[in-house]
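Read the structure below first, then the notes.
The values are calculated or read from the model by the stated rules, or taken from the named source; none is laboratory data. Just so it is clear, the structure is predicted and the values come from calculations on it, not from any experiment. Please note that ligands, DNA and RNA were not included when accessible areas were found on the heavy atoms of the full protein model with its side chains. Shrake-Rupley method; radii C 1.70, N 1.55, O 1.52, S 1.80 Å.
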Amino acid sequence: MVLRVILRYLANNEQLIQRLAESYPMRRAAQLLVSAYYRSRAVAQEQKLVEMTPEKFKRMMNAFKDNVKQEIEAAKQDLKKRK
């Protein structure tokens, strides 16, 4: 409860928000975020993921999830063999 009041006060403090916005870490974080967005958009266009249908995307995500599960199981088996 007290934490919520403190956070609300800090979020509504215009001077604090302005100083944070002008700080180097915040500006750098914004630059990195925009850079990552444009890079990922370019990669998606190169690999033609932009034209992907929801069904194809769902199949791709399920295949990825299955591959990750298989790799985790293989790593578990490898760890058991090492012990």
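Give the angle, between 0 and 90 degrees and rounded to the nearest 10, that separates the Cα long axis of helix 2-11 from the longest principal axis of the Cα atoms of the chain. Taking the Cα atoms of the chain, the angle to 2-11 is about 80 degrees.
For the chain, the per residue solvent-accessible surface stands at 100 Å², with DNA, RNA and ligands left out and a 1.4 Å probe. Helix 24-46 and the longest principal axis of the C-alpha atoms of the chain enclose an angle of approximately 30°. Estimated purely from DSSP H runs of n ≥ 4, each contributing -39500 (n - 2.57), the mean residue ellipticity at 222 nm for the chain is -29000 deg cm²/dmol once divided by its residues. Rounded to the nearest whole Hz, the Karplus-based 3J(HN,Hα) values (6.51 cos²θ - 1.76 cosθ + 1.60, θ = phi - 60°) of segment 54-64 follow the sequence x, 5, 5, 5, 4, 4, 5, 5, 5, 5, 4, with x at glycine and proline. Shown for segment 1-56 is the translational diffusion coefficient from the Stokes-Einstein equation, using the Kirkwood radius over Cα pairs, a temperature of 10 °C and a viscosity of 1.306 mPa s: 109 µm²/s.
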